[in-house]
Amino acid sequence: MEEKVRKVELAISLVLRTGVVVSVLVIAVGLGLMFAHHSAYLPIRGHFSYKELTSKTTPFPHSFASLGHSIAHGDGRGVVVLGVLVLILTPVLRVAVGVLSFIYEKDPAMTIVTLYVLAVLVGSFFLAGV
Amino acid sequence: MSICAYNGTMTPLDFVVSLALISVAAGVLGSLIGLGGGVVIVPVLTLLYHVDIRLAIGASIVSVIATSSGAAAAYVRERMTNLRAGMFLEIATTTGAVSGAYLTTLLPTRFLFVFFGLVLAYSSFATFQRRHVAEPLAVSNDRIANYFNLHGSYYDAAEEREIPYKVVGTKPGLALMYVAGLVSALLGIGSGALKVPAMDSAMHLPMKVSSATSNFMIGVTAAASAGVYFVRGQIDPVIAAPVAAGVLLGATVGARALGRVASKTVRLIFVVVLVVISLEMLQKGLLP
């Protein structure tokens, strides 16, 4: 039993670490692409203000359709959004691994608990209309 | 107080690099006391960089998930997190987060800020009062905690011994966790600020376990409202990228520190930060 619990802890830790590393790499690639394509963004004392990229009216992908379009055009900011989505989905994946873990530990009560959490999480994305 | 005081304009590169450095600090603090990085990120973005509050809250959600996943990877491996209690209490936080996302239009935000400001002021007081309580509980007659076997034990590197503990008060714990999920979805901040007192004061988990378990849970609470923020266009990639990268680095560093720091120190840092958040909320509610 102790051994099984330890395996589960290591599996959950691995899922979290993998999600984090993948998302950081994708975000880094996206930032690299963005700066490579827009030389005006780069100077330390240039004339292009960051505010043009961080204001309320700045356009950036916020649906799967616009995200796919943006990445297909090699837009760095689209790639960054993809990396952020990997980060957002990491806890969801962690809960899914939790469900499998409690099935593996033969713990029906906790399996139901984690299944409920997973259902609410997945439902929240559908309710949002992602 | 303007960051653009020097010659010329702050370019996107300046922005990304400086925000990433501040985010490292946010990640260290957030992972140590189980609060996520939003406490630092939201005021920095709005006051220092003059970013719109809606985009700042979107970035805060990203920072919370980054702190949680970055630190929890280490805390779970080191057995600092109470996995069963965390996953059990997520029933209440996720339900709260989803209901909160749809209550936003019903309740006036100013009232919410005042209300939660007062709740957090009380929590910081309650957490401070427990500073002399050193020994965790050895018995529990809480039926829910016994049924789901939420009790645990952890190795305290500062005290160099294994510390077993029992869990009580699951019902008030669940109620507070529901409110924590609600706050997270409504205000974008403060989700860990209620989780730690819920586990520490109501359920009698040791302070470090409360912090590590809160860290483990806040990612899931934030993920439950992240879909809504993404669709509403509140997650700006140019802000999110340095925040995510910086906070992840900081959380990895902070997670190494928690084991070695004394419980009392963690508690005191937590109380100070909680007082700051509660004042911040009261100010937003009373003097908009």
Magnitude of the charge dipole, the protein assembly as shown, Cβ model with Lys/Arg +1 and Asp/Glu -1, debye to 20: 280 debye
Relative contact order of region B:86-181, pairs being alpha-carbon contacts under 8 Å that are 6 or more residues apart, as %: 46 percent
Under 18 Å from the Cα of residue B:264 - aspartates and glutamates, other chains or at least 8 residues apart: B:135, B:156, B:159, B:160, B:162, B:200
Mean Cα-pair separation over length for chain B, i.e. relative contact order, pairs under 8 Å, 6 or more apart, %: 38 percent
Residue-averaged beta-carbon neighbours from other chains (10 angstrom radius) around B:244-255: 2
Alpha-carbon centroid distance for the pair region B:184-216 / region B:96-115, whole angstrom: 19 Å
Environment charge at residue A:106 (Cβ cut-off 15 Å; Lys +1, Arg +1, Asp -1, Glu -1): -1
Residue among B:167, B:272, B:15 farthest towards the positive dipole end of chain B, charges placed on Cβ: B:167
Extended-chain gain in nm, criterion 0.36 nm per residue less alpha-carbon gap, residue A:126 and residue A:14: 37.6 nm
Ordering of A:59-67, B:153-161, B:61-69 by packing [mean C-beta count within 10 Å, highest first]: B:61-69, A:59-67, B:153-161
Neighbouring partner chain Cβ atoms per residue of A:8-16, average, 10 Å criterion: 5
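Taking the Cα centre of chain B as origin, work out the dipole magnitude from +1 charges on Lys and Arg Cβ and -1 charges on Asp and Glu Cβ, in debye rounded to 20.
Here chain B has a charge dipole of around 420 debye.
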Karplus (6.51, -1.76, 1.60) ³J(HN,Hα), θ = phi - 60°, over region B:90-100, in Hz, Gly and Pro reported as x: 5, 3, 6, 5, 5, 4, x, 5, 5, 5, x
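For a distance above 37 Å, tell me the whole-number percent of Cα pairs in chain B that qualify.
11 percent
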Relative contact order (percent, whole number), chain A, Cα cutoff 8 Å, 6+ residue spacing: 32 percent
Peptide B:79-87, shielding by other chains (average Cβ, 10 Å cutoff): 4
Simple spin-label estimate for residue A:42 and residue B:171 in nanometres, 7 Å along Cα-Cβ: 6.5 nm
Under 17 Å from residue B:171, Cα to Cα: lysines that are on another chain or at least 8 residues apart: B:195
Using a Förster distance of 41 Å, the FRET efficiency for residue B:141-residue B:21 (Cβ separation, nearest 0.05): 0.25
Linear extension gain, residue B:102 paired with residue B:131, 0.36 nm per residue minus alpha-carbon span: 6.7 nm
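Residues with beta-carbon under 11 Å from that of residue B:52, excluding residue B:52: net charge, scoring Lys, Arg +1 and Asp, Glu -1? Present the calculation step by step, with values, prior to reporting the outcome.
Numbers: positive: A:51, A:56, B:54; negative: B:236.
Overall, the nearby charge balance is +2.
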Calculated FRET efficiency for the pair residue A:100/residue B:118, C-beta based, R₀ 45 Å, to 0.05: 0.60
Reach of residue A:4 by Cα under 16 Å, taken over aspartates and glutamates that are not fewer than 8 positions away in the same chain: A:105, A:107, B:78
Cut-off 14 Å between beta-carbons: net charge of the residues surrounding residue A:77, Lys and Arg +1, Asp and Glu -1: -3
Where only C-alpha atoms are counted, convex hull volume of region A:2-128 per residue in Å³: 130 Å³
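Laboratory data are not the source of any read-out in this text; all were calculated from the coordinates shown. Everything quoted here is computed from the prediction, not taken from an experiment. Counting neighbours? That spans all protein chains shown, and the Cβs are built from the backbone with ideal geometry, glycine included.
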